[in-house]
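Take a look at the structure set out below.
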Amino acid sequence: MHIPDGFLDAKTLVATGALAATGVAIALRQAQKHLPPRRVPLLGLTAAFVFAAQMINFPVAGGTSGHLLGGTLAAVLLGPSGAVLAVTSVLIVQCLIFADGGLLALGANVFNMAIVGGVGSFYIYRALYRLLGEGRGQMIAVAVAAWCGTIMAAIVAAGELSLSGVVAWRVGLVAMAGVHALIGVGEALITTLVVLAIRRARPEILSEAGPIATGRPATEMLAFGLLIALGLAMFVAPFASSWPDGLERVAQRLGFQHRAVTTPLMPSPMPDYALPRLGPAVWNTALAGGVGTALVFLLALGVTWLVVVRKRQRGQPDRRSRRA
(Lines give C-alpha, C1' and ligand atoms only; values in the text may rest on other atoms or scores of the structure.)
Protein backbone atom coordinates (compact mmCIF):
# COMPACT_ATOMS: atom_id res chain seq x y z
CA MET A 1 0.00 0.00 0.00
CA HIS A 2 3.01 2.25 -0.45
CA ILE A 3 1.82 5.30 -2.37
CA PRO A 4 4.37 6.45 -4.98
CA ASP A 5 5.03 10.05 -5.92
CA GLY A 6 2.62 11.32 -8.56
CA PHE A 7 -0.58 9.83 -7.17
CA LEU A 8 -1.38 12.66 -4.73
CA ASP A 9 -1.58 16.38 -5.41
CA ALA A 10 0.21 19.12 -3.49
CA LYS A 11 -2.56 19.97 -1.03
CA THR A 12 -3.01 16.31 -0.06
CA LEU A 13 0.73 15.83 0.33
CA VAL A 14 0.97 18.88 2.59
CA ALA A 15 -2.03 17.82 4.68
CA THR A 16 -0.90 14.21 5.14
CA GLY A 17 2.67 15.32 5.79
CA ALA A 18 1.49 17.66 8.55
CA LEU A 19 -0.71 14.97 10.07
CA ALA A 20 2.10 12.44 9.95
CA ALA A 21 4.61 14.82 11.50
CA THR A 22 2.18 15.65 14.29
CA GLY A 23 1.46 11.99 14.93
CA VAL A 24 5.13 11.04 15.06
CA ALA A 25 5.88 13.98 17.38
CA ILE A 26 3.11 12.86 19.74
CA ALA A 27 4.41 9.29 19.60
CA LEU A 28 7.93 10.44 20.48
CA ARG A 29 6.62 12.48 23.38
CA GLN A 30 4.48 9.62 24.68
CA ALA A 31 7.36 7.19 24.33
CA GLN A 32 9.61 9.52 26.28
CA LYS A 33 7.07 9.62 29.10
CA HIS A 34 5.74 6.08 29.18
CA LEU A 35 7.93 3.62 27.25
CA PRO A 36 10.17 1.73 29.72
CA PRO A 37 13.83 1.71 28.62
CA ARG A 38 13.86 -2.09 28.92
CA ARG A 39 11.36 -2.26 26.04
CA VAL A 40 13.39 -0.10 23.65
CA PRO A 41 15.26 -3.12 22.15
CA LEU A 42 11.88 -4.77 21.58
CA LEU A 43 10.83 -1.75 19.50
CA GLY A 44 13.92 -2.09 17.30
CA LEU A 45 13.35 -5.82 16.96
CA THR A 46 9.68 -5.33 16.06
CA ALA A 47 10.57 -2.79 13.38
CA ALA A 48 13.15 -5.17 11.90
CA PHE A 49 10.63 -8.02 11.82
CA VAL A 50 7.95 -5.85 10.21
CA PHE A 51 10.40 -4.75 7.52
CA ALA A 52 11.38 -8.34 6.75
CA ALA A 53 7.77 -9.52 6.74
CA GLN A 54 6.71 -6.68 4.43
CA MET A 55 9.15 -7.98 1.82
CA ILE A 56 7.16 -11.22 1.58
CA ASN A 57 4.27 -10.62 -0.79
CA PHE A 58 1.67 -13.38 -0.67
CA PRO A 59 -0.76 -14.10 -3.53
CA VAL A 60 -4.36 -13.12 -2.89
CA ALA A 61 -6.55 -13.52 -5.98
CA GLY A 62 -6.84 -12.39 -9.57
CA GLY A 63 -3.11 -11.76 -9.97
CA THR A 64 -2.94 -9.55 -6.89
CA SER A 65 -0.61 -9.91 -3.93
CA GLY A 66 -0.51 -8.47 -0.44
CA HIS A 67 2.00 -8.06 2.33
CA LEU A 68 1.95 -7.51 6.06
CA LEU A 69 1.43 -3.89 7.10
CA GLY A 70 2.53 -4.68 10.63
CA GLY A 71 0.79 -1.84 12.45
CA THR A 72 -1.39 -4.12 14.55
CA LEU A 73 1.47 -6.45 15.41
CA ALA A 74 3.61 -3.52 16.54
CA ALA A 75 0.70 -2.03 18.50
CA VAL A 76 -0.02 -5.27 20.35
CA LEU A 77 3.64 -5.59 21.34
CA LEU A 78 4.48 -1.93 21.97
CA GLY A 79 1.31 0.10 22.34
CA PRO A 80 0.20 2.88 19.96
CA SER A 81 3.20 5.20 20.31
CA GLY A 82 5.67 2.35 19.89
CA ALA A 83 3.78 1.12 16.84
CA VAL A 84 3.98 4.54 15.20
CA LEU A 85 7.73 4.74 15.79
CA ALA A 86 8.42 1.18 14.63
CA VAL A 87 6.38 1.35 11.42
CA THR A 88 7.64 4.87 10.64
CA SER A 89 11.23 3.59 10.87
CA VAL A 90 10.34 0.86 8.38
CA LEU A 91 8.74 3.31 5.95
CA ILE A 92 11.67 5.75 6.13
CA VAL A 93 14.21 3.06 5.24
CA GLN A 94 11.96 1.63 2.51
CA CYS A 95 11.58 5.09 0.97
CA LEU A 96 15.15 6.38 1.20
CA ILE A 97 17.11 3.18 0.59
CA PHE A 98 14.83 1.09 -1.62
CA ALA A 99 12.61 3.70 -3.38
CA ASP A 100 9.56 1.84 -2.06
CA GLY A 101 6.97 4.58 -1.65
CA GLY A 102 7.43 8.14 -2.82
CA LEU A 103 9.60 10.65 -1.01
CA LEU A 104 6.92 13.34 -1.18
CA ALA A 105 4.29 10.73 -0.29
CA LEU A 106 6.20 9.56 2.77
CA GLY A 107 3.91 11.55 5.04
CA ALA A 108 0.84 9.95 3.49
CA ASN A 109 2.31 6.47 3.90
CA VAL A 110 3.25 7.13 7.52
CA PHE A 111 -0.21 8.52 8.23
CA ASN A 112 -2.00 5.61 6.54
CA MET A 113 0.03 2.64 7.75
CA ALA A 114 1.65 3.78 11.00
CA ILE A 115 -0.98 6.10 12.46
CA VAL A 116 -4.33 5.01 11.01
CA GLY A 117 -3.42 1.34 10.67
CA GLY A 118 -1.36 1.07 13.85
CA VAL A 119 -3.09 3.38 16.32
CA GLY A 120 -6.59 2.70 14.98
CA SER A 121 -6.19 -1.07 15.18
CA PHE A 122 -4.73 -0.80 18.69
CA TYR A 123 -7.91 0.67 20.13
CA ILE A 124 -10.01 -1.93 18.34
CA TYR A 125 -7.76 -4.64 19.78
CA ARG A 126 -7.90 -3.20 23.29
CA ALA A 127 -11.69 -2.89 23.26
CA LEU A 128 -12.18 -6.45 22.01
CA TYR A 129 -9.53 -7.81 24.38
CA ARG A 130 -11.30 -6.28 27.37
CA LEU A 131 -14.60 -7.68 26.12
CA LEU A 132 -13.45 -11.18 25.16
CA GLY A 133 -10.69 -11.75 27.73
CA GLU A 134 -7.57 -13.92 27.65
CA GLY A 135 -6.85 -17.02 25.62
CA ARG A 136 -8.93 -17.47 22.50
CA GLY A 137 -10.54 -14.09 23.06
CA GLN A 138 -7.21 -12.33 22.77
CA MET A 139 -6.42 -14.10 19.49
CA ILE A 140 -9.82 -13.11 18.09
CA ALA A 141 -9.15 -9.52 19.14
CA VAL A 142 -5.78 -9.58 17.37
CA ALA A 143 -7.25 -11.02 14.16
CA VAL A 144 -10.17 -8.60 13.99
CA ALA A 145 -7.97 -5.60 14.78
CA ALA A 146 -5.42 -6.60 12.12
CA TRP A 147 -8.14 -6.95 9.48
CA CYS A 148 -9.75 -3.65 10.49
CA GLY A 149 -6.38 -1.87 10.48
CA THR A 150 -5.79 -2.94 6.87
CA ILE A 151 -9.24 -1.80 5.78
CA MET A 152 -8.95 1.55 7.59
CA ALA A 153 -5.60 2.31 5.94
CA ALA A 154 -7.05 1.37 2.54
CA ILE A 155 -10.11 3.58 3.02
CA VAL A 156 -7.97 6.57 4.02
CA ALA A 157 -5.73 5.98 0.98
CA ALA A 158 -8.84 5.94 -1.21
CA GLY A 159 -9.87 9.27 0.32
CA GLU A 160 -6.47 10.76 -0.44
CA LEU A 161 -6.70 9.62 -4.05
CA SER A 162 -10.16 11.15 -4.29
CA LEU A 163 -9.05 14.47 -2.77
CA SER A 164 -6.24 14.55 -5.33
CA GLY A 165 -8.70 14.15 -8.19
CA VAL A 166 -7.22 10.82 -9.24
CA VAL A 167 -10.37 8.73 -8.91
CA ALA A 168 -13.95 9.30 -7.79
CA TRP A 169 -14.55 8.63 -4.10
CA ARG A 170 -17.08 5.82 -4.50
CA VAL A 171 -15.06 4.08 -7.18
CA GLY A 172 -11.82 4.31 -5.21
CA LEU A 173 -13.49 3.26 -1.98
CA VAL A 174 -15.04 0.12 -3.47
CA ALA A 175 -11.83 -0.83 -5.29
CA MET A 176 -9.43 -0.23 -2.39
CA ALA A 177 -11.66 -1.67 0.32
CA GLY A 178 -12.56 -4.68 -1.81
CA VAL A 179 -9.04 -5.85 -2.58
CA HIS A 180 -7.72 -5.01 0.88
CA ALA A 181 -10.54 -6.95 2.52
CA LEU A 182 -8.81 -10.03 1.07
CA ILE A 183 -5.33 -8.80 1.94
CA GLY A 184 -6.59 -8.11 5.46
CA VAL A 185 -7.32 -11.81 5.89
CA GLY A 186 -3.63 -12.52 5.32
CA GLU A 187 -2.70 -9.69 7.67
CA ALA A 188 -4.97 -11.13 10.36
CA LEU A 189 -3.63 -14.65 9.93
CA ILE A 190 0.05 -13.65 10.02
CA THR A 191 -0.39 -11.26 12.94
CA THR A 192 -2.37 -13.80 14.97
CA LEU A 193 0.17 -16.58 14.38
CA VAL A 194 3.06 -14.34 15.41
CA VAL A 195 1.28 -13.13 18.55
CA LEU A 196 0.30 -16.71 19.41
CA ALA A 197 3.90 -17.86 19.04
CA ILE A 198 5.11 -15.02 21.26
CA ARG A 199 2.43 -15.76 23.83
CA ARG A 200 3.54 -19.38 24.09
CA ALA A 201 7.27 -18.69 24.08
CA ARG A 202 7.61 -15.33 25.89
CA PRO A 203 4.20 -14.26 27.30
CA GLU A 204 5.74 -11.44 29.34
CA ILE A 205 6.45 -9.55 26.10
CA LEU A 206 2.71 -9.06 25.57
CA SER A 207 2.31 -7.34 28.92
CA GLU A 208 3.26 -3.67 28.92
CA ALA A 209 3.86 -3.82 32.64
CA GLY A 210 5.37 -7.28 32.54
CA PRO A 211 9.07 -7.79 33.27
CA ILE A 212 11.41 -8.05 30.32
CA ALA A 213 14.51 -10.13 30.81
CA THR A 214 17.76 -8.25 31.24
CA GLY A 215 21.37 -9.25 30.84
CA ARG A 216 22.14 -12.46 28.98
CA PRO A 217 18.51 -13.63 28.53
CA ALA A 218 17.59 -10.30 26.92
CA THR A 219 20.63 -10.46 24.65
CA GLU A 220 19.72 -13.97 23.58
CA MET A 221 16.13 -12.96 22.88
CA LEU A 222 17.33 -10.03 20.79
CA ALA A 223 19.82 -12.18 18.89
CA PHE A 224 17.29 -14.90 18.10
CA GLY A 225 14.70 -12.32 17.05
CA LEU A 226 17.13 -10.63 14.68
CA LEU A 227 18.14 -13.99 13.23
CA ILE A 228 14.49 -14.76 12.50
CA ALA A 229 13.97 -11.37 10.84
CA LEU A 230 17.17 -11.74 8.80
CA GLY A 231 16.15 -15.25 7.81
CA LEU A 232 12.80 -14.01 6.50
CA ALA A 233 14.38 -11.14 4.58
CA MET A 234 17.27 -13.13 3.09
CA PHE A 235 15.89 -16.62 2.52
CA VAL A 236 12.12 -16.22 2.12
CA ALA A 237 11.57 -12.76 0.62
CA PRO A 238 13.48 -13.54 -2.63
CA PHE A 239 10.80 -16.11 -3.46
CA ALA A 240 7.79 -13.90 -2.65
CA SER A 241 5.00 -13.31 -5.12
CA SER A 242 5.84 -10.87 -7.91
CA TRP A 243 2.19 -9.97 -8.56
CA PRO A 244 1.25 -6.30 -8.04
CA ASP A 245 0.01 -5.40 -4.59
CA GLY A 246 -3.45 -4.06 -3.80
CA LEU A 247 -2.80 -0.40 -4.63
CA GLU A 248 -0.89 -1.26 -7.80
CA ARG A 249 -3.71 -3.53 -8.96
CA VAL A 250 -6.31 -0.84 -8.28
CA ALA A 251 -4.20 1.69 -10.21
CA GLN A 252 -4.04 -0.70 -13.16
CA ARG A 253 -7.76 -1.44 -13.10
CA LEU A 254 -8.80 2.21 -12.80
CA GLY A 255 -6.17 3.48 -15.23
CA PHE A 256 -4.07 5.86 -13.15
CA GLN A 257 -0.88 3.82 -12.84
CA HIS A 258 0.78 6.13 -15.39
CA ARG A 259 0.72 8.95 -12.81
CA ALA A 260 3.42 7.24 -10.72
CA VAL A 261 6.81 8.94 -10.90
CA THR A 262 9.14 6.27 -12.24
CA THR A 263 12.37 8.15 -11.48
CA PRO A 264 12.84 8.72 -7.72
CA LEU A 265 13.29 12.33 -6.67
CA MET A 266 16.32 11.22 -4.68
CA PRO A 267 18.63 8.42 -5.88
CA SER A 268 18.29 5.24 -3.83
CA PRO A 269 21.26 2.89 -3.30
CA MET A 270 19.12 -0.25 -3.64
CA PRO A 271 16.04 0.53 -5.75
CA ASP A 272 13.45 -2.25 -5.88
CA TYR A 273 15.36 -4.17 -3.20
CA ALA A 274 18.34 -4.99 -5.39
CA LEU A 275 21.98 -4.04 -5.62
CA PRO A 276 22.98 -3.10 -9.17
CA ARG A 277 25.39 -5.45 -10.96
CA LEU A 278 25.58 -7.87 -8.07
CA GLY A 279 24.46 -10.99 -9.92
CA PRO A 280 21.33 -13.16 -9.83
CA ALA A 281 18.15 -11.47 -8.67
CA VAL A 282 17.73 -13.91 -5.78
CA TRP A 283 21.06 -12.94 -4.23
CA ASN A 284 20.33 -9.29 -4.94
CA THR A 285 17.09 -9.42 -2.99
CA ALA A 286 18.60 -11.51 -0.21
CA LEU A 287 21.46 -9.11 0.42
CA ALA A 288 19.24 -6.04 0.13
CA GLY A 289 16.79 -7.62 2.60
CA GLY A 290 19.55 -8.33 5.09
CA VAL A 291 20.93 -4.80 4.84
CA GLY A 292 17.47 -3.27 5.13
CA THR A 293 16.58 -5.34 8.19
CA ALA A 294 19.76 -4.23 9.94
CA LEU A 295 19.23 -0.57 9.00
CA VAL A 296 15.64 -0.55 10.25
CA PHE A 297 16.68 -2.14 13.53
CA LEU A 298 19.46 0.39 14.07
CA LEU A 299 17.28 3.36 13.11
CA ALA A 300 14.37 2.38 15.35
CA LEU A 301 16.64 1.43 18.22
CA GLY A 302 18.87 4.49 17.92
CA VAL A 303 16.14 7.11 17.63
CA THR A 304 14.05 5.60 20.40
CA TRP A 305 17.06 5.20 22.69
CA LEU A 306 18.02 8.84 22.23
CA VAL A 307 14.46 10.04 22.82
CA VAL A 308 13.44 7.70 25.63
CA VAL A 309 16.63 6.99 27.57
CA ARG A 310 19.01 9.88 26.96
CA LYS A 311 16.41 12.63 27.32
CA ARG A 312 14.97 10.96 30.39
CA GLN A 313 18.44 10.73 31.93
CA ARG A 314 19.17 14.38 31.15
CA GLY A 315 15.85 15.39 32.64
CA GLN A 316 16.34 13.63 35.97
CA PRO A 317 18.81 16.13 37.50
CA ASP A 318 16.53 18.99 36.50
CA ARG A 319 13.59 17.43 38.32
CA ARG A 320 15.71 16.86 41.42
CA SER A 321 16.92 20.44 41.39
CA ARG A 322 13.37 21.72 41.07
CA ARG A 323 12.29 19.63 44.06
CA ALA A 324 15.25 20.98 46.01
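The values are calculated or read from the model by the stated rules, or taken from the named source; none is laboratory data. Since the model is a prediction, treat every value here as computed from it, not as a measurement. Cβ sites come from the backbone with ideal geometry, for glycine too, and all protein chains shown count toward neighbours.
Structural remarks
- Residues considered: Ala47, Ala20, Ala27, Ala15. Of these, the only one that is more than 22 Å from Gly292 (Cα to Cα), surrounded by 16 or more Cβ atoms within 10 Å (Cβ to Cβ) and touching a Ser or Thr at 6+ places or on another chain (Cβ under 7 Å) is Ala27.
- Figure legend. Inter-residue proximity from region 76-87: first residues among the polar types (S, T, N, Q), second residues in a helix (DSSP H, G or I), beta-carbon distance below 7 Å, spacing 6+ or different chains. Indicated pairs: Ser81/Ala27; Ser81/Gln30; Ser81/Ala31.
- Residue count for region 138-196 under the criterion of being of a type in the set (Ser, Thr, Tyr), in a helix (DSSP H, G or I) and in contact (Cβ under 8 Å) with a residue 40 or more places away in the chain: the result is 3.
- Some residue of region 114-124 being in contact (Cβ under 8 Å) with a residue 60 or more places away in the chain and surrounded by fewer than 20 Cβ atoms within 10 Å (Cβ to Cβ): no
- Just so you know, in region 135-170 the residues that are within 22 Å of the chain's Cα centre (by Cα) and among the polar types (S, T, N, Q) include one that is surrounded by the most Cβ atoms within 10 Å (Cβ to Cβ), and it is Thr150.
- Qualifying residue in region 37-56 (condition: farther than 19 Å from Ala197 by Cα, free of Cβ contacts under 8 Å to residues at least 40 places away in the same chain and of a type in the set (Lys, Arg)): no
- Hey, Leu132 of a type in the set (A, V, I, L, M), surrounded by fewer than 24 Cβ atoms within 10 Å (Cβ to Cβ), free of Cβ contacts under 8 Å to residues at least 12 places away in the same chain and more than 21 Å from Ala48 (Cα to Cα) or not: yes
- Top-ranked residue in region 224-281 [being under 14 Å from Ala53 (Cβ atoms) and hydroxyl-bearing (Ser, Thr, Tyr); ranked as nearest to the chain's Cα centre (by Cα)]: Tyr273
- Condition check for Thr262 on (1) assigned to a loop (DSSP other than H, G, I, E, B); (2) surrounded by fewer than 17 Cβ atoms within 10 Å (Cβ to Cβ); (3) touching a residue at least 24 places away in the same chain (Cβ under 8 Å): one failure, at (3).
- Residue check, Gly302 surrounded by 20 or more Cβ atoms within 10 Å (Cβ to Cβ), part of a helix (DSSP H, G or I) and at pLDDT 70 or above: no
- Qualifying residue in region 264-276 (condition: modelled with pLDDT under 80 and farther than 24 Å from Ala47 by Cβ): yes
- Given (1) within 19 Å of the chain's Cα centre (by Cα); (2) surrounded by fewer than 18 Cβ atoms within 10 Å (Cβ to Cβ); (3) modelled with pLDDT of 85 or more, number of the condition Leu206 does not satisfy: (3)
- Odd one out for Arg253, checked against (1) in contact with a helix residue (DSSP H, G or I) (Cβ under 7 Å, 6 or more places away or on another chain); (2) surrounded by 19 or more Cβ atoms within 10 Å (Cβ to Cβ): (2)
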